[in-house]
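Notes to accompany the following structure.
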Amino acid sequence: MFNHHKVEIEWGGRPLILETGKIARQADGAVLATYGETVVLATVVSMKEPKPGLDFFPLTVNYQEKTYAAGKIPGGYFKREGRPSEKETLVSRLIDRPIRPLFADGYKNDTQIVVTVVQHDLENDPDILAIVATSAALTLSGVPFMGPIGGARVGYINGEYVLNPHVDELPESKLDLVVAGTDAAVLMVESEAKELPEDVMLGAVMFGHKGFQPVIDAIIKLAEVAAKDPRDFKAPDYSELEATMLGLIEDELRAAYKNVDKQARYKAVDAAKAKVKATLLPEGAENPAWTSEQVSSVFKELQAKIVRWNILDTSSRIDGRDLSTVRRIESEVGILPRTHGSALFTRGETQAIVVATLGTGEDEQYVDSLTGMYKEKFLLHYNFPPYSVGETGRMGSPGRREIGHGKLAWRAIRPMLPAAEQFPYTLRVVSEITESNGSSSMATVCGTSLALMDAGVPLQKPVAGIAMGLIKEGERFAVLSDILGDEDHLGDMDFKVAGTVNGITALQMDIKIDGITEEIMKVALGQAKDGRLHILGEMGKALSGARAELGEFAPRIEVMHIPTDKIRDVIGTGGKVIREIVEKTGAKINIEDDGTIKIASSNAKEIEAAKKWIHTIVAEPEVGEIYEGTVVKTADFGAFVNFFGPKDGLVHISQLSNERVGKTTDVVKEGDKVFVKLMGFDERGKVRLSMKVVDQTTGKELVREKKTEGEEDAA
C-alpha cells in the first residue's frame, strides 16, 4: 500500500503537481514533479555517517535527460544515453548552486541528488521544474537542509515581465533569467539579456523571487504530511580551537593578507598554517585534542574572518585597493598573426589568450536535444589548465566548471553577434586561461570581444565583464569590485555582470550565505556598471570596433540565392555536380533548403569560379548572346557544343564556317574550345547555335556589310 501524498497548485498559468511516496521509496527523499506535461523525478540520498578525514561537503548533483521523455531514440551507433550533454551539465550546476549554501554548517555526509527528466511536453523547459523537485525532495528527506527554495524563469516581452515563458516564447524575449532563493532572499541568478538596463534586470530578479513564493508554500504543505523526521545533527563547536589559533597566528595572518603578491601571500599563509600544526599537532603526540581535519577546517574559517574583518573595518582589501577600484588592465590584439583573430587580456593576475576562428556552414555544431536537432553557429570553449594557478593537475576533457564558465561568456557575447544574413560565418572562440586570480570567465568575455573584433566580426558593440564580491556581517556589508580569488573563496557572493555601454547582456550570481536583499543587489549592480564602463574604456585602447577587413588567412564567404527548384541541378545525382564544382574550383560550398548558397575560400578567384559555374547551372541562356563552349561530339550534320553549364546545343554543318564545309571534322574536333552564338530554338525546343557569325579568335560577333537592295531581292 503506497503512502502517497500530492499537492497541486496553479503556477504561471499551468498546473504544478508535487507527489511523493509512490516512486523511489528507498531514497531518503523522492518527488515526482509535473509542470504542464513535463515530468521530472528528483531523488536524494545522504549517507548516515560522514567519511573520516573529509574537510568539505561531498554534494553531487546529476541532472539527466532521457530521450524517451520526448518520444525519441538516441542517435549514433549505441542507442543509449552516454556522457552528460552540455545542457545536462549546466542544469546540474544550476541545481547545485542555490541548494549548497543551505546545508547545515559542518554537515559532511556524502549526498547525491539525481534528477531525471521522464517526460517533456516540448513547451516547459525541465530545468526550473528540476530545481523545484530537488528542493521538495530535500525538504522531505530529513537531512539538515535549511530550505525549501523555489525557482522561476523570467522573460521580458513587449516591456512586460513574463513568469515561466514557454520554450517557443523565448526567442521573442529580451531576457532569459533563472532565479532561485528562499522565501526571504535570493540565492542564485543566471541570465542572458539583450542590453537591458540595471533597473530592468533588478526588477526581473525581484519579479521572479515573488513569482516562486507559491511553490515554496506548496513544498511546505507537502512536507507537513510527508517529511521524514529531521536527522540528529548538531554542528560542531570549534570556538575553543578558534580562540587558541587566534592567539597563535592572528598577527601572522593579518600580515600575510596585506601582501599584494599572490604567491608571496600564499607562502606566508602556509607558514602560519605550519606553525599552527606544529603547535597543536606535534609529531609523535598521542591523542591530540584536535584532529588534522578539524585544525584545517578552523584554519580556513579563520582566514575568512581575518580578510572579512580587515575589509569591513578599513574598506581596504588584500591587495590594497579600495572597494570599487579595478585592477590594472592590459589589452593586446593580433598577437597570433596567422590565426583569424586573437587577443591577450590581462587584468591584475588574471590573464586569457583568446583566439577566434571563422568557419563555414560545414563547421556548425549539431546539437541533439529533447526539443529536436538544431545547429549552433557560435561556439565558445574555455580551458583552465592547472599551471594558471601555479599547480599541477589532471589534464583531460572539460569539467563542469569549464563548461559553466564558457557558457556564461557565450551568453554575454551572443546578443551582440551580427545576424547570419549579415555575416554568414560559423564562429569558434577558444579562451586559454594562462593566469588566474579573480574571475577568469569575465576575462574570457573581454578577450572574446577583442578577438572577434580583431577577426573582423562586426559585433554590434564591445562587451566587457566584471566580477563583484560581498562581505556581510550582520547589518554591515561591503560590495567589492573586480574580486581576487581569495575574496571569492572567503567572501559571501560571486556576482558576475557582463554587458556593453548601453546595458547588461549576462548576469550570474551565487550566494554563499542564506541570501541577499534587493538593497545589496542594487548597490552591486550600480558598482558593477561603473567597473564595466571603465574596463570597456581600457579595452578600447587596443581596439574599439571590428576591423574593416577580414584577416589574411580567414576564409571569405559570399552568398548567392537560387530558385529552390534549381537546388537539385546544382547538387546533381548523388552529389556529383557539387563535388565536381568543389574539386575543380577549390571553394567550399554550402546549400540550404531555401536556396541560399554560401561559397567560401581564402582565394577570391576560387569563389568567383564557383559562382560562375553555379550561375551557368541555374540561369537560362539568352538568345543573341555569345558563349564560349567545348565541342563534345561531332556528326556528319554538325557538332554538339557544351556552352552553358550542363547545356549542349547543335552547330549545324552550315553554321560552322562562312566557307563551304565538306566534313564537320575539317573544322572542329572533340575537345576544341569554340565561340558560339545562341540563335534560338527549333520547333522541338532544341538549341540552335552558330559559329560562323563569331570571330573564333576574339569571341566578338562578325559585322557583316549591309546588302544592297538588289542583293536583298536576289537573296
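Any read-out appearing in this document is the output of simple, stated calculations on the displayed coordinates, not a laboratory observation. Here the structure is a predicted model, which is why all the values come from computation and not from measurement. With ideal geometry, Cβ positions are generated from the backbone for all residues, glycine too; neighbour counts draw on all protein chains shown.
Binning the C-alpha pair distances of the chain at 10 Å intervals from 0 yields a P(r) profile of 3, 12, 18, 20, 16, 10, 7, 5, 4, 3, 1, 0, 0, 0 %, listed from the shortest bin outward. Helical content alone sets the calculated 222 nm signal of the chain at -9500 deg cm²/dmol, taking -39,500 (n - 2.57) per DSSP H segment of four or more residues and averaging over every residue. Computed over the Cα atoms of segment 626-714, the ratio of the radius of gyration to the Kirkwood radius (Rg/Rh) comes to 1.01. The share of Cα pairs per 10 Å bin across segment 188-260, counted from zero up to the longest distance, runs 13, 18, 15, 22, 29, 3 percent.
One decimal place: the segment F78-D594 gains 182.5 nm when fully extended, by the rule 0.36 nm per residue minus the C-alpha distance.
The chymotrypsin sites (Phe, Trp or Tyr not before Pro) of segment 28-135 meeting both criteria, a DSSP state outside H, G, I, E and B (loop) and at most 12 other C-beta atoms within 10 angstrom of the site's C-beta, are F56, Y77, F78.
So what is the orientation-averaged projected area of segment 256-315, using the convex hull of its C-alpha atoms, in nm²?
Average of the hull's projected areas for segment 256-315 equals 4.7 nm².
Treat segment 574-700 as a sphere of radius equal to its Kirkwood radius over Cα pairs and apply Stokes-Einstein at 20 °C in a medium of 1.002 mPa s; give the translational diffusion coefficient in µm²/s, rounded to a whole number. Estimated via Stokes-Einstein, D reaches 133 µm²/s. Over all projection directions, the Cα-based convex hull of segment 5-226 averages an area of 13.5 nm². Roughly speaking, what is the centre-to-centre gap between segment 548-615 and segment 287-352 when only Cα atoms are used, to the nearest Å? Between the Cα centres of segment 548-615 and segment 287-352 lies a distance of 50 Å.
Taking every DSSP beta bridge that has both ends in the chain, the antiparallel portion is near 90%. Full extension of the chain segment joining F57 with E475 gains 147.7 nm, where the gain is 0.36 nm per residue of separation less the Cα-Cα distance. Using bins of 5 Å that start at zero, the share of Cα-Cα pairs per bin across segment 329-540 amounts to 1, 7, 15, 19, 19, 15, 11, 8, 3, 1, 0, 0, in whole %. Using θ = phi - 60° in the Karplus curve 6.51 cos²θ - 1.76 cosθ + 1.60, the 3J(HN,Hα) couplings for segment 143-157 round to 6, x, 10, 8, x, x, 10, x, x, 7, 9, 10, x, 9, 10 Hz; x is entered for Gly and Pro.
Count charges around H5 for me, please; just the other residues with Cβ under 15 Å from its Cβ, Lys/Arg as +1, Asp/Glu as -1. After counting each charged neighbour, the total is +2. Using the Cβ-Cβ distance between Q422 and E37 with R0 set to 41 Å, the FRET efficiency works out to roughly 0.60. Helices that extend 18 Å or more along their long axis by alpha-carbon positions and average at least 0.5 on the Kyte-Doolittle scale are, among the DSSP H runs of the chain, 126-141, 213-226, 440-454. Here segment 556-618 is described by how far its Cα atoms reach on the three principal axes: 29, 20, 17 Å, from widest to narrowest. Spatially, segment 182-261 and segment 623-657 are offset by 82 Å when compared through their Cα centroids. In percent, rounded to a whole number, the relative contact order of segment 239-314 is 36, using alpha-carbon pairs under 8 Å and six or more apart.
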